[in-house]
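Here is the structure we will look at, set down as structure tokens.
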Amino acid sequence: MKRSTLVILAILAIIVIAGIGMYNRLVTASQAIDGQWAQVEAQYQRRFDLIPNLVESVKGIFEQEKTVFTALADARTRYGGATTVDDKAAAAGQVESALSRLLVIMENYPQLRSSENVTALMDELAGTENRVAVERGRFNEKVRDFNTMLLRFPTNLFARMFGFNQRSYFEAAAGAETAPQVNFDE
């Protein structure tokens, strides 16, 4: 073989090996995002398992707050029916909104806070909310790393060839920055 042919084959081999390496890094990063989302979902499931117990404990004391209980149940149902990460994140935001209203109700009724059952459930829920926040943060870090990898040259060329696209960050639901208002005069 001619020397020029060997040089061309060596360059092609280097490109193929580099391409395989890039592809494998992209697959690994994509799987890490999926795995981290599963951690977020595990914490959501923990939250959803606690909510009915909390609702039943509170419901027995305050029948008039049915709208909050209904909103929580509806949001849980929407989450259960969601199929994409974006749909699940939106449904989780609705759960958080309803939970915020429930917490406001509980703050306005000291006799609720003094109930051992409600207090224990609220402690469990608070711990779960912290876990959810941590797992979401980790998810967003993995999405950031993956998206950065996709934008860098020459990985961006290989990423397009193999159909890798940027992933969406978990973002707070619209209006999450506003504290819920509960009016008992209505």
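The values are calculated or read from the model by the stated rules, or taken from the named source; none is laboratory data. Values in this document were obtained by computation on a predicted structure and should not be read as measured data. Here Cβ is always computed from backbone atoms with ideal geometry, including for glycine, and neighbour counts include all displayed protein chains.
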Q) If you go through segment 146-158 one residue at a time, how many are in contact with a helix residue (DSSP H, G or I) (Cβ under 7 Å, 6 or more places away or on another chain) and either without any contact (Cβ under 8 Å) to a residue 40 or more places away in the chain or loosely packed, with under 13 Cβ neighbours inside 10 Å (or both)? A) 1
Q) Which of the residues spanning segment 70-90 are of a type in the set (A, V, I, L, M, F, W, C), surrounded by fewer than 20 Cβ atoms within 10 Å (Cβ to Cβ) and at pLDDT below 80? A) 71, 73, 85, 90
Q. Between residues in segment 121-142 that are over 11 Å from residue 47 (Cα atoms) and residues that are in a helix (DSSP H, G or I) and acidic (Asp, Glu), which pairs lie under 9 Å by C-beta distance while being six or more apart or on different chains?
A. 135/41
Q) Going through segment 70-88 one residue at a time, which ones are under 18 Å from the mean Cα position of the chain (by Cα) and not basic (Lys, Arg)? A) 72, 75, 77, 79, 80, 81, 82, 83, 84, 85, 86, 87
Q. In this structure, is residue 161 crowded, with 16+ Cβ neighbours inside 10 Å and either without any contact (Cβ under 8 Å) to a residue 12 or more places away in the chain or out of contact with any His (no Cβ under 9 Å at 6 or more places or on another chain) (or both)?
A. no
Q. Which of the residues belonging to segment 164-177 are surrounded by 11 or more Cβ atoms within 10 Å (Cβ to Cβ) and either closer than 20 Å to residue 97 by Cβ or modelled with pLDDT under 85 (or both)?
A. 168, 169, 170, 171, 172, 173, 176
(Q) Being at pLDDT 75 or above, small (Gly, Ala, Ser) and either over 17 Å from residue 169 (Cβ atoms) or surrounded by fewer than 12 Cβ atoms within 10 Å (Cβ to Cβ) (or both) is the requirement here; does residue 93 meet it? (A) no
